[in-house]
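Asker: First, the structure itself, so that you have it in front of you.
The values are calculated or read from the model by the stated rules, or taken from the named source; none is laboratory data. This is a predicted model, so every value here is computed, not measured. As a convention, Cβ positions derive from the backbone with ideal geometry for all residues, glycine included, and neighbour counts pool all protein chains shown. The protein model used for the area step is the full one, side chains on, heavy atoms only, and it has no ligands, DNA or RNA in it. Shrake-Rupley method; radii C 1.70, N 1.55, O 1.52, S 1.80 Å.
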Amino acid sequence: MEKTDNVRKAVKLIRQELNGAVPLIGFSGSPWTIATYMVEGGGSKDFATVKSMMMATPELMHALLDKIALSVIDYLNAQIRAGAQAVQIFDTWGGVLSPQCYQAFVLGYMEKIVKGLIRENEGRSVPVIVFTKNGGLWLEQIASIGADCVGLDWTINIADARKRIGALASLQGNMDPSVLYASPARIREEVKLILNQY
């Protein structure tokens, strides 16, 4: 608990400063994303080192991912206890994997985290959001792991996403972040487009 003390203090302070104006969302990378940075030592163009480890020694990769998943559960639960009103598991690099490797090395660990999280605090539910960048191929599987919400990137039509997952989870996101470089009027247009598609 002491290892997450700075995060806990920061969440409490931010929640206090927000004073109910907007909800505070806690955050962690997914086990696969964290593992890629650990093994690669930073960002990567091809993820050759971590993929080599995954293919050559899958049992070692699973052991690493399991340890990370347990740490993420503790980390997000500390944020929830400190006042985070929702949490998100952000999988930046699952989309670089094949469907089989995504199933084996990403999805099960995100599900383990979802199942290990505190889902009620301060007398209210704590929604869990899961997101995989370039994860449109696996939307149905992502929606079935028990999270309340599936985050979408800009590579999939939100109406198609809704048809595919039905009522399994709510949807969040879907706007290309580069739109934020545009004028406020252009940003509003993009938001309206997404809402109209939905």
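Asker: Calculated from the structure, Kirkwood radius over Cα pairs in Å equals which of (1) 17.0; (2) 18.5; (3) 17.9?
Answerer: So the structure-derived entry is (3).
Asker: Among P31, P177, P99, determine the one that fluctuates most according to a GNM of the chain built with springs between C-alpha atoms less than 10 Å apart.
Answerer: So, out of P31, P177, P99, the one fluctuating most is P177.
Asker: Another one. Among G42, G94, T132, whose Cα projects farthest towards the positive end of the dipole of the chain, with charges put on the beta-carbon of Lys, Arg (+1) and Asp, Glu (-1)?
Answerer: Result: T132, furthest along the dipole toward the positive end.
Asker: Next question, about the same structure. In the chain, what percent of the accessible surface is made up of carbon and sulfur (1.4 Å probe, ligands and nucleic acids excluded)?
Answerer: Result for the chain: 57 percent of the exposed heavy-atom area is carbon or sulfur.
Asker: Counting pairs on different chains as well as pairs 8 or more places apart, how many Lys pairs in the range 40-198 have Cα atoms under 24 Å apart?
Answerer: 12
Asker: A further question on this structure: Compare G26, G135, G43 in a GNM of the chain, Cα atoms joined below 10 Å, and give the one with the largest fluctuation.
Answerer: G43
Asker: Then there's this: For the chain, what is the calculated [θ] at 222 nm in deg cm²/dmol (nearest 500), taking -39500 (n - 2.57) for each run of four or more DSSP H residues and dividing by its residue count?
Answerer: That calculation yields -15000 deg cm²/dmol at 222 nm.
Asker: Mind putting a number on the dipole of the chain about its Cα centre? Charges go on the C-beta only, +1 for Lys and Arg and -1 for Asp and Glu, and I need it in Debye to the nearest 20.
Answerer: Here the size comes out at about 340 debye.
Asker: I'd like the antiparallel share, as a percent to the nearest 5, of DSSP beta bridges with both residues in the chain.
Answerer: 10 percent
Asker: Evaluate the relative contact order of the range 64-198 (contact order divided by residue number), counting alpha-carbon pairs under 8 angstrom at least 6 apart; express in whole percent.
Answerer: It comes to 20 percent, rounded to a whole number.
Asker: To continue, here is another question. I'd like to check one number: the per residue accessible area of the chain, probe 1.4 Å, reported in Å² as a whole number. Intermediate results must be reported in sequence, preceding the final value.
Answerer: On the way: 10440 Å² over 198 residues.
Roughly 53 Å² per residue, with all protein chains present.
Asker: Also, quick follow-up: Once the whole set of protein chains is in place, how much accessible area is left on E122, using a 1.4 Å probe, in Å² to the nearest 10?
Answerer: Accessible area, nearest 10 Å²: 110 Å².
Asker: Could you work out which residue, out of S178, S30, S98, moves most in a Gaussian network model of the chain, that is, has the largest mean-square fluctuation with Cα springs under 10 Å?
Answerer: S178
Asker: Can you tell which of P184, I165, A147 lies farthest toward the positive end of the dipole of the chain, using +1 and -1 charges on the Cβ of basic and acidic side chains (Lys, Arg; Asp, Glu)?
Answerer: P184
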